[in-house]
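Here it is, the structure in full.
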Amino acid sequence: MSIAENIAQVRASIAAAAREAGRAPSEITLVGASKMNDAAACREAIAAGIDALGENRVQEMTAKLEENAYDGAPLHFIGHLQRNKVKQVVGKVSLIQSAGSLELLEEIEKTAGKLDIVQDILLEVNIGREEAKSGFLPEALLSGAETALEKPHIRVLGVMTIPPADADREANLQYFDKVRALFIDMSEKLFHNKLQVLSMGMSGDYEDAVRAGATMVRVGTAIFGSRHYT
Ligand SMILES: *Cc1c(COP(=O)(O)O)cnc(C)c1O
């Protein structure tokens with residue numbers, strides 16, 4: 001199957017899941033997670049109408065930016081972001097999905113301020129409380145959002161999460177429900193119910209995520225094929 005065929009297939013599945021949940025398919029943004037796929041693959045996905053591409057390694061993204069791999073589609077940063085790499089990301093991407101600590105918010109604010117821009121972000125929530133994962137713990141999300149709101153060069157569009165990889169389907173659904181509840185609570189309390197983006201769901205679970213209220217899914221393997229780590 002080609003990338004274009006895969007995208008069509010994923011779109012159809014998203015549409016079916018959305019309708020099941022009484023939602024319009026157009027509410028869901030499809031982000032292609034293009035890590036380890038080259039510039040040609042990115043261009044193919046853009047030509048096939050992907051809504052955005054997401055990268056999770058700064059070095060790879062920088063190299064592909066130089067090849068104009070993302071021309072014609074918004075670029076998101078979706079991976080773990082180290083403080084010392086913030087300068088290479090702020091202003092280069094339309095959305096940083098993985099703002100997951102107060103230190104990172106501070107660094108993003110500083111860098112965006114110097115560039116005199118407002119950087120759109122999502123607050124990442126570490127819903128599985130995993131030691132090795134970044135993101136705000138659920139109970140720290142609201143105060144993280146309050147901190148972000150005080151920063152003039154940051155705009156919060158919503159929340160992103162990656163549930164534990166080893167969760168079974170039932171546990172995964174519970175994580176999605178919890179994150180949706182946090183998202184709604186945060187939107188109500190701090191954003192006049194105006195928050196738009198709930199980013200959750202990957203190749204293995206994006207239909208469940210859509211049924212659980214996701215407005216953005218990040219799909220890699222189901223679009224680009226399996227990645228070969230060398
Ligand atoms: C790679 C990646 C995805 C997509 O994973 P697949 O299982 O290949 O769909 C989604 N989100 C993030 C943050 C990723 O790094």
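How large a share of the accessible area of the chain, in percent, is made up of carbon and sulfur atoms when the probe is 1.4 Å and the other protein chains stay in place?
In the chain, the share of accessible area belonging to carbon and sulfur is 49 percent.
Just subtract the alpha-carbon distance of residue 193 and residue 67 from 0.36 nm times their residue separation and send over the number in nm, one decimal.
Taking 0.36 nm per residue and subtracting the Cα distance, the gain is 41.4 nm.
Counting only residues 5 or more places away or on other chains, whose amide H sits under 5 Å from the amide H of residue 124 once H atoms are built in the peptide plane?
Amide H to amide H, under 5 Å and 5 or more residues apart or across chains, residue 124 pairs with 99, 100, 136, 160.
Determine the calculated [θ] at 222 nm for the chain from helices alone, applying -39500 (n - 2.57) to every DSSP H run no shorter than 4 residues and normalising by the residue count; nearest 500 deg cm²/dmol.
-12000 deg cm²/dmol
Okay, moving on. For the peptides 124-135, 205-216, what is the packing order when you average, over each peptide's residues, the other Cβ atoms within 10 Å and list the highest mean first?
Ranking, from highest mean packing down: 205-216, 124-135.
Right, something else. Tell me, how many Å apart are the Cα centres for the range 1-64 and for the range 138-160?
The distance from the Cα centre of the range 1-64 to that of the range 138-160 comes to 26 Å.
Additional query: Taking amide H atoms as placed 1.01 Å from N in the peptide plane, list the residues 5 or more away in sequence, or in a different chain, whose amide H sits under 5 Å from that of residue 119.
154, 155
Can you tell me what percent of all Cα-Cα pairs in the chain are more than 31 Å apart?
The proportion of pairs with Cα distances above 31 Å equals 17 percent.
Could I ask something else about it? Using a cut-off of 13 Å between alpha-carbon atoms, which aspartates and glutamates can reach residue 133, once sequence neighbours fewer than 8 places away in the same chain are excluded?
Output for residue 133: 124.
Could you give the C-alpha radius of gyration of the range 182-230 expressed as a fraction of 2.2 N^0.38 Å, taking N as the number of residues it contains?
After normalising by residue count via 2.2 N^0.38 Å, the value is 1.49.
Convert each backbone phi in the range 125-140 into a coupling constant with the Karplus relation 6.51 cos²θ - 1.76 cosθ + 1.60 (shift: θ = phi - 60°), then list the ³J(HN,Hα) values in order as whole Hz, x for Gly and Pro.
Ordered by residue, 3J(HN,Hα) equals 10, 8, 5, x, 6, 7, 4, 7, 9, 8, x, 6, 5, x, 6, 9 Hz.
Could you report the range 130-230's accessible area per residue, 1.4 Å probe, as an integer in Å²?
On a per-residue basis, the range 130-230 sits at 52 Å².
Can you run phi through the Karplus equation (6.51, -1.76, 1.60; θ = phi - 60°) for the range 180-188 and list ³J(HN,Hα) in whole Hz, with x for Gly and Pro?
4, 5, 4, 4, 5, 4, 5, 5, 5
Ignoring ligands, DNA and RNA, what accessible area per residue does the range 39-92 give at 1.4 Å, in Å²?
48
Can you compute the equivalent ellipsoid semi-axes for the range 161-206, i.e. the square root of 5 times each eigenvalue of the Cα gyration tensor, sorted largest first and rounded to whole Å?
In descending order, the three semi-axes are 24, 11, 7 Å.
If you wrap a convex hull around the alpha carbons of the range 1-65, what volume per residue comes out, as a whole number of Å³?
With only Cα atoms used, the range 1-65 gives 84 Å³ per residue.
Over the range 93-213, how many percent of alpha carbon pairs lie in each 5 Å bin up to the one with the longest distance?
2, 12, 23, 24, 19, 12, 6, 2, 1, 0
The values are calculated or read from the model by the stated rules, or taken from the named source; none is laboratory data. Because the structure is a prediction, the values reported are computed rather than measured. All Cβ positions, even for glycine, are placed from backbone atoms using ideal geometry, and neighbour counts span all protein chains on display. SASA here: full protein model, heavy atoms, side chains in, ligands and nucleic acids out. Shrake-Rupley method; radii C 1.70, N 1.55, O 1.52, S 1.80 Å.
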